[in-house]
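Each remark here refers to the structure printed beneath this line.
Just so it is clear, none of the values below were taken in a lab; they were calculated from the coordinates. These numbers come from a predicted model, not from an experiment. Heads up, the Cβs are rebuilt from the backbone with ideal geometry, glycines too, and the neighbour counts pull from every protein chain shown.
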Amino acid sequence: MATAEDLPALMARVALGDRAAFERVYRATCAHLYSIALRTLRNEQKADEILQEAYVNIWRQAATFDARAGTPMTWMINVVRNKAIDAVRSRRTESAATVELDDAADELPADAAGEPGELLENSLAKARVQACMAGLPSSQRQALALAYYRGLVHTDIAAAMNAPLGTAKGWVRRGLEQLRACLEAVGMRQA
């Protein structure tokens, strides 16, 4: 296990693209950095996402680390802390700008010719989908809404949500996985 004394040498190797050194840096720092993300975000799943994004930045920007300015741990803490603060700010902005998905559906006229049993079944299915969507983290819910209600592709979703492409793809993928599992758990099967 790497110690604080090992981190400057390991960071120098990471800056040269040494994956083994990066793995050692990760193993030595992930618990502490995760606790910082979790303390800031108060959400385990969001803390996981932010930590992943932070380590991607650490890998890409390792060459910018300046040992004269501080320790590697201090530098990495700042990367994680800044990412977490950005996520909190983004969440506030997102919640202020997000429109409930049901607003557009409520404006559609009802089908007067529908049978009562069919109307009931459709209403129950809609309620189940809404409940499962409400259980998703806001980033995943918004990414799915952009994909399925607005027809946006991953690159457009990333641009709309001001996120890296890989992160937007992950939100869609994980959101679909969680939505599928939730719908199956409440008795809705794929057709």
Calculated from DSSP helices alone, with each H run of at least 4 adding -39500 (n - 2.57) and the total divided by the residues of the chain, [θ]222 nm to the nearest 500 comes to -24000 deg cm²/dmol
In Å, the Kirkwood hydrodynamic radius of the stretch 7-96 over pairs of distinct alpha carbons?
-> 13.4 Å
Nearest-20 debye value, the chain charge dipole, Cβ charges on Lys, Arg, Asp, Glu = 940 debye
Work out the charge dipole of the stretch 7-96 with +1 on the Cβ of Lys and Arg and -1 on the Cβ of Asp and Glu about the Cα centre, then indicate which of A69, W59, N43 is farthest towards its positive end.
-> A69
³J(HN,Hα), Karplus 6.51/-1.76/1.60, whole Hz, each residue of the stretch 172-182, x for Gly, Pro | 5, 4, 5, x, 5, 4, 5, 5, 4, 4, 5
Share (percent) of C-alpha pair distances in the chain greater than 24 Å works out to 52 percent
Unpartnered cysteines of the chain (Cβ-Cβ under 4.7 Å counts as a partner)?
-> C30
Provide the per-residue ³J(HN,Hα) series for the stretch 57-67, in order, calculated from phi with Karplus coefficients 6.51, -1.76, 1.60 and θ = phi - 60°, each as a whole number of Hz, with x at glycine and proline positions.
-> 5, 4, 4, 6, 10, 4, 5, 7, 5, 10, 4
If you plug each phi of the stretch 33-42 into the Karplus form 6.51 cos²θ - 1.76 cosθ + 1.60 with θ = phi - 60°, what whole-Hz ³J(HN,Hα) values come out, in order, with x for Gly and Pro?
-> 5, 4, 5, 5, 4, 5, 5, 6, 8, 6
With Cα springs under 10 Å, the Gaussian network model of the chain assigns the largest mean-square fluctuation among A12, A87, A37 to A12
Just report the Cα centroid separation between the stretch 155-188 and the stretch 31-65, whole Å.
-> 20 Å
Arranged by the count of other C-beta atoms within 10 angstrom, fewest first, what order do Y26, Y148 take?
-> Y148, Y26
